[in-house]
Amino acid sequence: MLRHDILYLLTAQPDEIVSGQKISNQLNVTRAAVWKQIKILREEGFDIEAQTKNGYRLLSTPLALNEWVFKQALSTQALGRVVDFSDELSSTNDRAKELARQGAIHGLTVLACRQQAGRGRLQRQWESPAGGLWMSVVLRPNLSLADASKITLAASVAIVDTLQELFELPIGIKWPNDLVHKGQKLAGILGEVVGEWNTVQTLILGMGVNVNFPREQLNNTFPATTLQEILGFDIDLNLLAAKILENLEKELICLEEKKFDELKSKWTKRAIGLGEGVRILRGEDVIEGTFKGISIDGALILETGNKEITFSAGEVKLRSKKGYF
Ligand code: BT5
C-alpha cells in the first residue's frame, strides 16, 4: 500500500526530513499523490510535519489502533501475524469464532476499537467503549482440553507482565482471571472453546483492557478502573496489544513444553487473597475457608477444617472475608 511505503521511507530516517521529491522518485508516483497520502495519514492520527520546500518528517504515530503501527511493534512468531481490524464489532470473540470456523490459522488476532455487545463469562456484559483494548486470538495449540483453563491463566500472566514491563505497574490477579488495581477491575479474560475440542482443538481467547478512556464511561455499578485513570496519560494501544501477544506466545510455548509450574508460580505471585480467609459463593451456598492456591488445571484450592476442596472457575465466585474484593 502506498501509504505504508511512505511510512517506511519516513521511519527509515527517524527525526529527519525526507524530501517529497525523493519519496515520489522512490515510489514512482507524483508529488501530489504523496501529499494526498500524507493527508490521509494525518487523518489516521500520524503527526507528520510538512515543510513546503524541504519535505516531510514523522513526529509521532497514532495511539489508537492502526494496522501499520501494530505490525511495527509486533515481534511474535505466530500470534497477531494475521490481524482483523474493525472500527466496531458486536464482540471480537464472536468475530474470531466465525473466522475460526472458516479455517483461520493459529494466532489470528481480531481487534476492534469498540464493541457493541462485548461479553464477559456466563453471558455477562462487558462494556467496551472506544479507547479500550478489545482483542481476541484464535489459538490452535498443541494442548489437551484439560489445558484450556491454563491458557486463560497464561493470558492473565501475559497482561500483568506487560503492564509491569511497560509501566512498572503492579497488577493483581483475582482468581480465576480478573486483573485488578487497588480493588478495581482493569481487565478481564474470556476463553471459549470452538466446536469439539478433540477434533479441532481451537480456543478463542478474548482479552479486554480498559485503557484510554475515563472510568466515568463505564457503569458505576461495579468497581472498575482504566489505565488512563491510573497512569494519568493515554498510551499506544498498538504497542500494548503487540507486547501482550509477545508475552502470551512465550507462556503458550512454556505450556506446550509442559512447564506448567513456571506459569503457576508466576500466577501465584500475583494472586490476591492467597493464604487468606475467603468465601466461595456457589449459587445460594457460601463455603468459607483459606485460599491455598490453584491446582494443576487452574481450579481454586480451599482449605476448610482439615480437608481441601477444589472449585473450577465456571461455577463459583471468590470473595474476601475482609471485604476488600
Ligand atoms: C470478564 O468477564 O471479565 C471477561 C471479559 C472479557 C472481555 C473481552 S473484550 C474482547 C473479547 N470480546 C468479548 O466479547 N469479550 C472479550 P466476567 O468475569 O464475567 O466479568 C464481567 C463483569 O465485569 C460484568 O458483569 C461487570 O460487573 C464488570 N464489567 C463490565 N464491563 C467492565 C469493564 N469494561 N471494566 C471492568 N469491569 C467491567
Check the stretch 199-219 and report whether any residue there is charged (D, E, K, R), under 16 Å from Trp126 (Cβ atoms), open to solvent by 30 Å² or more (accessible area, probe 1.4 Å) and outside the structural domain of Asp47 (by TED's automatic domain parsing).
yes
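Hey, can you tell me all the residues within the stretch 230-276 that are acidic (Asp, Glu) and under 18 Å from the mean Cα position of the chain (by Cα)? Don't jump to the end; show me each part of the working.
Taking the stretch 230-276 first, the residues acidic (Asp, Glu) are 234, 236, 246, 249, 251, 256-257, 261-262, 276.
Listed by number, the residues that qualify are Asp234, Asp236, Glu246, Glu249, Glu251.
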Residue check for Asp178: within 8 Å of the ligand (Cβ to nearest atom) and among the acidic types (Asp, Glu):
yes
Those residues that are in contact with a strand residue (DSSP E or B) (Cβ under 7 Å, 6 or more places away or on another chain) and over 15 Å from Leu190 (Cβ atoms), I need them from the stretch 112-138; list them, please.
Cys113, Arg114, Gln116, Pro129, Ala130
Looking at (1) surrounded by fewer than 14 Cβ atoms within 10 Å (Cβ to Cβ); (2) part of a loop (DSSP other than H, G, I, E, B), which one does Asn25 not meet, given that it meets all the others?
(2)
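Here is a check on your reading of the model: is Lys185 within 12 Å of the ligand (Cβ to nearest atom), of a type in the set (Lys, Arg) and open to solvent by 10 Å² or more (accessible area, probe 1.4 Å)?
Working: within 12 Å of the ligand (Cβ to nearest atom): yes; of a type in the set (Lys, Arg): yes; open to solvent by 10 Å² or more (accessible area, probe 1.4 Å): yes.
Criteria met by Lys185.
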Positions within the stretch 210-219 being within 16 Å of Leu133 (Cβ to Cβ) and more than 8 Å from the ligand (Cβ to nearest atom), in sequence order:
Val211, Asn212, Phe213, Pro214, Arg215, Gln217
Hits in the stretch 3-18 (condition: more than 16 Å from Lys71 (Cα to Cα) and either modelled with pLDDT under 95 or in contact with a Ser or Thr (Cβ under 9 Å, 6 or more places away or on another chain) (or both)):
Gln13, Pro14, Asp15, Glu16
Would you call Asp161 within 14 Å of the ligand (Cβ to nearest atom) and either open to solvent by less than 10 Å² (accessible area, probe 1.4 Å) or part of a helix (DSSP H, G or I) (or both)?
no
Let me confirm something: among Phe233, Phe222, Phe167, which residue is near the ligand (Cβ under 9 Å from one of its atoms), hydrophobic (A, V, I, L, M, F, W, C) and surrounded by fewer than 23 Cβ atoms within 10 Å (Cβ to Cβ)?
Phe222
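From the list Val193, Val110, which one is touching a helix residue (DSSP H, G or I) at 6+ places or on another chain (Cβ under 9 Å), of a type in the set (Val, Ile, Thr) and modelled with pLDDT of 95 or more? Reasoning before the result, please.
Working: Val193 fails: modelled with pLDDT of 95 or more.
Testing whether each residue is touching a helix residue (DSSP H, G or I) at 6+ places or on another chain (Cβ under 9 Å), of a type in the set (Val, Ile, Thr) and modelled with pLDDT of 95 or more leaves just Val110.
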Among the residues of the stretch 125-158, write down those that are within 16 Å of the ligand (Cβ to nearest atom), assigned to a helix (DSSP H, G or I) and touching a Gly at 6+ places or on another chain (Cβ under 9 Å).
Ala148, Ser149, Ile151, Thr152, Leu153, Ala155
Could you check how many residues of the stretch 136-161 are farther than 25 Å from Leu89 by Cα, in contact with a helix residue (DSSP H, G or I) (Cβ under 9 Å, 6 or more places away or on another chain) and among the hydroxyl-bearing types (Ser, Thr, Tyr)?
1
Please go through (1) within 7 Å of the ligand (Cβ to nearest atom); (2) in contact with a Cys (Cβ under 9 Å, 6 or more places away or on another chain); (3) hydrophobic (A, V, I, L, M, F, W, C) for Leu122 and return the number of the only condition it doesn't satisfy.
(2)
Residues to consider are Phe311, Phe233; find the one that is in the same structural domain as Leu153 (by TED's automatic domain parsing) and of a type in the set (Phe, Trp, Tyr).
Phe233
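Would you check if Leu9 is open to solvent by less than 80 Å² (accessible area, probe 1.4 Å), more than 27 Å from Val211 (Cβ to Cβ) and either in contact with a helix residue (DSSP H, G or I) (Cβ under 9 Å, 6 or more places away or on another chain) or not aliphatic (A, V, I, L, M) (or both)?
Numbers: open to solvent by less than 80 Å² (accessible area, probe 1.4 Å): yes; more than 27 Å from Val211 (Cβ to Cβ): yes; either in contact with a helix residue (DSSP H, G or I) (Cβ under 9 Å, 6 or more places away or on another chain) or not aliphatic (A, V, I, L, M) (or both): yes.
Spelling it out, Leu9 is indeed open to solvent by less than 80 Å² (accessible area, probe 1.4 Å), more than 27 Å from Val211 (Cβ to Cβ) and either in contact with a helix residue (DSSP H, G or I) (Cβ under 9 Å, 6 or more places away or on another chain) or not aliphatic (A, V, I, L, M) (or both).
The values are calculated or read from the model by the stated rules, or taken from the named source; none is laboratory data. Everything quoted here is computed from the prediction, not taken from an experiment. Please note: Cβ atoms are built from the backbone with ideal geometry, for glycine as well, and neighbour counts cover all protein chains shown. Keep in mind that these areas ignore ligands, DNA and RNA; they rest on the heavy atoms of the full protein, side chains included. Shrake-Rupley method; radii C 1.70, N 1.55, O 1.52, S 1.80 Å.
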